[in-house]
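Following: one structure in structure tokens, then a few remarks.
The values are calculated or read from the model by the stated rules, or taken from the named source; none is laboratory data. Remember, it's a predicted structure, so these values are computed and weren't measured experimentally. Each accessible area value is taken on the protein alone, full model and side chains, heavy atoms only, with ligands, DNA and RNA left out. Shrake-Rupley method; radii C 1.70, N 1.55, O 1.52, S 1.80 Å.
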Amino acid sequence: MKSGTSAALRPPADATPPVRHPEAPAPGEPLGAHYGQCFGCGGDQPHGLHLQARAGEGVSVTAEFTVRPAHQGAPGLAHGGVLASALDERLGSLNWLLRTIAVTGRLETDFVRPVPVGATLYLSAEVTAVAGRKIYCTATGRTGGPDGPVAVRADALFVEVKVEHFTENGRPEEIRAALDDPDQVRRARAFEVNP
């Protein structure tokens, strides 16, 4: 973890290294959208981020995100909230490699340099530790290539939850549509990595 991270995002001394689930996608495989209406990864959102993650080594993922005009805040620059959403989306997809249903508990984002509209942000995220229901992870977004300068970074804490977190709190019509989906994989994934 980088210096300056709040105490809430530092794993406790008894935290363990993350363990990739044996049935997780192999490194290089696409993870796919967990839910078509998801702002971060869903293909059914016209102004969504449409992030497509690939499994990395260990418990890590990568993705690319091109900032479109609909994502700007200041003229010609990406909105900071959109950049934070992109990082949160990538961090959330790590849970698919753990096969754990978890939600964002805390997200701290550092904006290092401006990201212009039209730029591609190369995102990478990894789980650093697990302590009970808590999953500690970090992410970066780089411009100019996967090894380019860091434009934005985040540290996060995800908390494992039961599927009832979604079914009891989500809007009933969306929950019913997801549960009634005949595709078993889509039905299960709708509740896997949702914030």
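Summary of computed values
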quantity	calculated
Strands (runs of 3 or more DSSP E) completely within the stretch 74-160 that count 2 or more residues being basic (Lys, Arg) and at pLDDT 95 or above	134-143
Any hit, the stretch 47-64, residues being at pLDDT below 95, open to solvent by 20 Å² or more (accessible area, probe 1.4 Å) and among the β-branched types (Val, Ile, Thr)	no
The stretch 109-126, residues that are closer than 11 Å to Arg142 by Cα and of a type in the set (S, T, N, Q)	Thr120, Ser124
Any hit, the stretch 99-109, residues being more than 13 Å from the chain's Cα centre (by Cα) and open to solvent by less than 20 Å² (accessible area, probe 1.4 Å)	no
Qualifying residues in the stretch 88-98 (those that are under 12 Å from Leu31 (Cα atoms) and more than 9 Å from the chain's Cα centre (by Cα)) - the one least open to solvent (accessible area, probe 1.4 Å)	Leu97
